[in-house]
Amino acid sequence: MRPVKTRCLRTIRILPTTVCLLAWLGVASAYGQVDRVYPNSGSPVSGKIQEILPQGVVIESGGKQQNISVDKIRRIIFQDEPSSLTRGRDFVLDGQFEQAIEALGTVDFAAIKRDVIKADAMFYLARSEAAMALMGRGNVAEAARKMNAFVTANRQSLHFFPAAKILGDLAVASGNYDQAIRYYTALAQAPTAEMKIESEYLVGEAHLRQGKLPEAEASLAKVIGASIQSPQGLRLQALAKAGQAVVWAKQGQGEKALEQVNSLVGTLDPVDSALAARIYNAQGACFEALGDQEGAVLAYLHTHLMFSSQADAHAESLSRLIDLWPQVGNADRAVQARQELQQRYPGRLK
């Protein structure tokens, strides 16, 4: 009988440990697998997302609901999302779009149970393909079709406003400026002042490309006159001043335009390559308006040689160099610029 008693005692001793272990595992399961909202700065907010809208998300955390605006969110990691989405999203946020497409291309959409996860994967894949197309390494029309498909299926997505901007950029790349303006105008419905003035800036730039100078100047002037002091807002105002200078140059006010651009060059942050490229292209346009072809070549060369990662501005600088090189006695350089434009940005050569 003693062996039986021993077995019973062992069972009694082991049982509490087993119960505690199972309970701990239950707690870990309940609290370890949650949605996590990562803000642009600070610690992530963990909990259960209650609602997602273009304006932001509502998340229940610690028994309380928090509203987080879209402009404050860098990324969201959802409970049970596939690791390929997590990797792909990180690649997108780091600007590594080829790697993102590779990772997101392995997502098994049929196996995803939550619609918000499917929407996130769909957006980041479409965003990556659009980025590649805008760099001249993909099909602009196909990228627009996929982003349109995302928006049509997910009109309440957190990514609605970024998607509208991307669609506008793709429309600009295809030369459809009226359509681009419709997409950019949608940003005016965003919840932040920065997004609203970005809408106005993009509309102004689209008008400028159309040659509608009064309309362009009106939109850009609204951006410049906006009462906003955030870094993003001030950056948009600098971009608008560069665009305004181009308008003035095209209206025959070259000296006034060049003075404004030179003031921007004097305070330029070379780390911001997108802004720098726009400013140097604007400087080139001012020199062209004044009949200074050599000055224009030097300005556009800044963009070509130093900021070629900015596809749209780089393509613009190459197209202007094609016309300007022969005027300063370097026809061979014009041929090189034409070849590079055709190779890197098919469809941009007129």
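Points to keep in mind about this one:
- Number of the exception - Gln96 against (1) within 16 Å of the chain's Cα centre (by Cα); (2) crowded, with 23+ Cβ neighbours inside 10 Å: (2)
- When we screen Gln293, Gln244, Gln336 for residues that are within 25 Å of Leu220 (Cα to Cα), at pLDDT 95 or above and not aliphatic (A, V, I, L, M), the only hit is Gln244.
- Looking at Ala100, Ala119, Ala126, just one residue is assigned to a helix (DSSP H, G or I), touching a residue at least 24 places away in the same chain (Cβ under 8 Å), within 15 Å of Asp35 (Cβ to Cβ) and hydrophobic (A, V, I, L, M, F, W, C), and that residue is Ala119.
- Selection within segment 253-282 - closer than 19 Å to Gly211 by Cβ and either at pLDDT below 95 or surrounded by 20 or more Cβ atoms within 10 Å (Cβ to Cβ) (or both): Gly254, Ala257, Arg278, Asn281, Ala282
- Enumeration of residues in segment 160-188 that are farther than 24 Å from Gly211 by Cα and free of Cβ contacts under 8 Å to residues at least 60 places away in the same chain: Pro162, Ala163
- Of the residues making up segment 178-187, those that are closer than 21 Å to Pro346 by Cβ and surrounded by 21 or more Cβ atoms within 10 Å (Cβ to Cβ) number 1.
- Note on segment 103-116: residues that are part of a helix (DSSP H, G or I) and within 30 Å of Ala313 (Cβ to Cβ) amount to 2.
- Among the candidates Ile112, Ile101, Ile73, the residue that is more than 26 Å from Gln189 (Cβ to Cβ) and either small (Gly, Ala, Ser) or under 16 Å from the mean Cα position of the chain (by Cα) (or both) is uniquely Ile101.
- Check on Ala282, in contact (Cβ under 8 Å) with a residue 24 or more places away in the chain, within 15 Å of Ala242 (Cα to Cα) and part of a helix (DSSP H, G or I): yes
- All positions within segment 183-199 that are in a helix (DSSP H, G or I), of a type in the set (Val, Ile, Thr) and more than 15 Å from Ile166 (Cα to Cα): Ile197
- Test for Pro191: is it surrounded by fewer than 23 Cβ atoms within 10 Å (Cβ to Cβ) and touching a residue at least 60 places away in the same chain (Cβ under 8 Å): yes
- Some residue of segment 155-174 being in a helix (DSSP H, G or I), at pLDDT 95 or above and surrounded by fewer than 16 Cβ atoms within 10 Å (Cβ to Cβ): no
- The one condition in (1) within 22 Å of Gly204 (Cβ to Cβ); (2) more than 17 Å from the chain's Cα centre (by Cα) that Val172 fails to fulfil: (2)
The values are calculated or read from the model by the stated rules, or taken from the named source; none is laboratory data. A quick note: this is a predicted structure, and the numbers were derived from the prediction, not measured. Neighbour counts are summed over all protein chains in view; Cβ atoms, including those assigned to glycine, are modelled from backbone coordinates with ideal geometry.
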